1. Give the peptides 164-173, 8-17, 21-30 in descending order of average Cβ contacts within 10 Å, highest first.
2. So how tilted is helix 37-47 from the main axis of the chain? Cα-based, degrees 0 to 90, rounded to 10.
3. How many percent of DSSP beta bridges within the stretch 1-113 run antiparallel, rounded to 5?
4. If I model a spin label as a point 7 Å beyond the Cα along the Cα-Cβ vector, how far apart are those points for PHE182 and ARG210 in nm?
5. Count of lysine pairs in the chain with Cα atoms under 29 Å apart, counting only pairs 8 or more residues apart in sequence or on different chains?
6. What does the charge count near GLU218 come to, summing +1 for each Lys or Arg and -1 for each Asp or Glu among other residues with Cβ under 9 Å from its Cβ?
7. Order of VAL55, VAL212 from fewest to most other C-beta atoms within 10 Å?
8. Counting helices only, and only those DSSP H runs with n ≥ 4, report the 222 nm mean residue ellipticity of the chain as the sum of -39,500 (n - 2.57) divided by its residues, in deg cm²/dmol to the nearest 500.
Amino acid sequence: MELASDIYVRQAVDNCAWADLGDGAIVIDSQEETRMAPIVEREIAKTVGKRIRWVVNTHWHGDHIACNPIWSKQGATIIAHESCAPSTSQRDGNPDIAFQSRYVLEGGTRKVELEWLGGMHTPGDIVVHFPWARVLHIGDLFGWGLFMQRRWDQLSIDRTQQVLARILDFGAEHLICGHGPFPTPHHIKRQLDYYNTMLERIAGLREEGRSVSEVKKELPPPEDMRDWWRFVDWKHAHNIEAAYSGL
Ligand SMILES: [Zn+2]
């Protein structure tokens, strides 16, 4: 579907986004399985009608990089954060451009801005800003209620708060995340608030000596988040377990 002017998303459990930059198509994230390559290529041909010139990986997880080697062989330039460069032995799909904090890609008639927001989900997460359409691709920095951080030291907690606040700073109208439906800035705000409230309450209950199952009973999923993608199924409970044992 066309999310905004010349920006398209194949929406599934693993989203794939692409846009027309003038001199070619840019693809954001390259799926979990190589069998997706021809499917995505066909959709890009139908919508943009230009070859894949650039592939950006929001981070280096298997479900975001599978088609890198295929598109690299077809001549695409792979772009990711510098921390992603040495993390793989898969030669063809490695980044050709690996940047540190910020990178602006001039694509002919349009540009995209890449910014490093790592340290929460993985060391190498970046966001991709499409300024002409006020669209921001945030990869796995938002997981529809799921706590996306991997560690629970103070640095990671601070970083989660910073990252979500920075996403809001962009003032984007549309957001694309790595998996599931499109969030709005309201969802990011709500996530930050939920995160802070949950951490405080879980830490407090744990200090009182409550068990993790007692904490789960004490803290049901918030009413206004019950319709969030897969939230009630497992994410809320998973968050409590992760924070309870991590904090
Ligand atoms: Zn991920």
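1. Numbers: 164-173: 15.7, 8-17: 18.2, 21-30: 23.5.
By packing density, highest mean first, the sequence is 21-30, 8-17, 164-173.
2. That helix lies at roughly 70 degrees to the long axis.
3. Given both bridge residues lie in the stretch 1-113, the antiparallel proportion sits at roughly 60 percent.
4. Between PHE182 and ARG210, the simple spin-label model gives 3.8 nm.
5. Number of lysine pairs found: 11.
6. +3
7. On the way: VAL55 27, VAL212 15.
Sorted ascending by nearby Cβ count, the order is VAL212, VAL55.
8. That comes out to -9500 deg cm²/dmol.
Any read-out appearing in this document is the output of simple, stated calculations on the displayed coordinates, not a laboratory observation. These numbers were taken from a predicted model, which means no experiment stands behind them. Don't worry about glycine lacking a Cβ; one is built from the backbone with ideal geometry, like all the others, and counts go over all protein chains shown.
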